[in-house]
1. For the condition assigned to a loop (DSSP other than H, G, I, E, B) and over 25 Å from residue 270 (Cα atoms), what is the one hit in 404, 388?
2. When you scan the stretch 359-385, how many residues do you find that are under 12 Å from residue 329 (Cβ atoms) and either of a type in the set (A, V, I, L, M) or part of a loop (DSSP other than H, G, I, E, B) (or both)?
3. Would you be able to say whether some residue in the stretch 147-163 is within 21 Å of residue 109 (Cα to Cα), among the hydrophobic types (A, V, I, L, M, F, W, C) and not in a helix (DSSP H, G or I)?
4. For the stretch 288-310, which residues satisfy the criterion of being part of a loop (DSSP other than H, G, I, E, B) and at negative phi?
5. Check the stretch 278-297 and report whether any residue there is modelled with pLDDT under 90 and either closer than 20 Å to residue 138 by Cα or under 20 Å from the mean Cα position of the chain (by Cα) (or both).
6. When you scan the stretch 120-167, how many residues do you find that are among the β-branched types (Val, Ile, Thr), touching a Lys or Arg at 6+ places or on another chain (Cβ under 9 Å) and more than 15 Å from residue 190 (Cβ to Cβ)?
7. Could you say whether any residue in the stretch 311-321 is under 29 Å from residue 186 (Cα atoms) and either part of a strand (DSSP E or B) or modelled with pLDDT under 95 (or both)?
8. Quick one: is residue 171 in contact with a Pro (Cβ under 9 Å, 6 or more places away or on another chain), outside any strand (DSSP E or B) and of a type in the set (A, V, I, L, M, F, W, C)?
Amino acid sequence: MGEHAACLDVELDDLELRHGCVRLWYVRLWYVRLWHVELWHVEFGHHGFSRVRIVAFGLQLFGVELFRVELFRLVVGELRIGFLVTRPVVGFVMMSIAEPTAAAEWSQWSTTMRLVVTEPALLGPARRQVDAVLAAVAGACDRFCATSEINRLHGSLSQGAVVSGTLSTLVRTALDAAQQTDGDVDPTLGGLLADLGYDRDFGLVLSATSEASTARAAAATSLHTGIPTGLHTGIRVPGWRRVSLVGSTLTVPADLTLDLGATAKAFAADRAAAEVFEQLGCGVLVSLGGDIATAGPAPDGGWQVSVRDLDEDPESTVTLSAGHALATSSTQKRRWQRGGRSLHHILDPRFGIPAEPVWRTVTVAAPSCVLANTMSTACIVRGYRAVGWLAGAETAARLVDASGRVLTLGGWPDENSVHVLAPSPMLASSPMLASSPMLAGR
């Protein structure tokens, strides 16, 4: 294992224990001596939890050490502790160093937004980049804003209308998601959601309940299902197949209303992360209500992400490699009452009613947030059928059923560390990957 010459001494060693694509424990050692200069490196730890690294170099003359510099770094979750030790001939000096990240958190779109960057000084400019992306997406497709482009054009879409590049991209992304999932993620359910009571910002939906509205809803609600009787009419004709986007001309039949919310939020996460990295050059994680995208270099040890929907739900902490994404779809948070029955916002397009809540949450890892969200949403709609679909696609996923039991698939680790090393066969053929090149996993 060593290689020797008159003036060069090199020793290398790298041991690891792996489970599938997940590295559980590892030890890395190397030592180089060139003439009288020594360089050595020691690193060991659990890749998803902690890491210790020691790097040093020194100068020796005729066997006497004149100078040595040592860098020690400990990583535990998101905590990074380090120090630098320099040893001249007469003693040593210790000084602290750090590899900090900086984060901002705020509420928008009736959910929690979080931004993390690897360069603290760039947090302000990064937040401005993210805000600009969110404003552009909302200005194009916010279903609850009367001045958004999609609402301003609503009356003319049945005849075909020229739309902006942003709205065109968002509609194309939504239609691609529908095609990829055989219509289980359908962007034409806006009217049905409104009929079910989700016709305004979700915070207002929760606060707008009154005795009069509850009474009206109860009068129009099936006693057996809790769903408005006019909607519970059997299998629907897929709406997304009736939408046409040719160039920048969008045509939507008058009886359909677009709701781009799910894929638009994931698209915004992908776009915001990419623009922060392109404009500022730092590593970045953008989380928009459970839709997580990353770009640029990750912190040492990767991005540490806690996966949990409600406080009482089981929790998993995973390590996300640079440039990859996670999305979680839930039947728990966006719930409201209609006629004495609790409804949620993910509809089964076949029937136009909330999907059976087989799963509390589904979390999927993928090369892009749009793709992860598409798959997690489709899994909620597919219920038990999602298990075979994900297994066949070899996709890393975590599903929590109605009783709180956790099912993991496709290499999602029980040991709390996940690395998406390559696209699955299904992901590799996805047209959505054209704008989201794979980055090598750690």
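The values are calculated or read from the model by the stated rules, or taken from the named source; none is laboratory data. Keep in mind that this is a model prediction, so the values were computed, not measured. Glycine gets a Cβ as well: all are built from the backbone with ideal geometry, and neighbour counts include every protein chain shown.
1. 404
2. So the count comes out to 7.
3. No; the residues of the stretch 147-163 include none that is within 21 Å of residue 109 (Cα to Cα), among the hydrophobic types (A, V, I, L, M, F, W, C) and not in a helix (DSSP H, G or I).
4. 297, 298, 299, 300, 308, 309, 310
5. yes
6. Of the residues in the stretch 120-167, 2 are among the β-branched types (Val, Ile, Thr), touching a Lys or Arg at 6+ places or on another chain (Cβ under 9 Å) and more than 15 Å from residue 190 (Cβ to Cβ).
7. Within the stretch 311-321, one or more residues are under 29 Å from residue 186 (Cα atoms) and either part of a strand (DSSP E or B) or modelled with pLDDT under 95 (or both).
8. It is true that residue 171 is in contact with a Pro (Cβ under 9 Å, 6 or more places away or on another chain), outside any strand (DSSP E or B) and of a type in the set (A, V, I, L, M, F, W, C).
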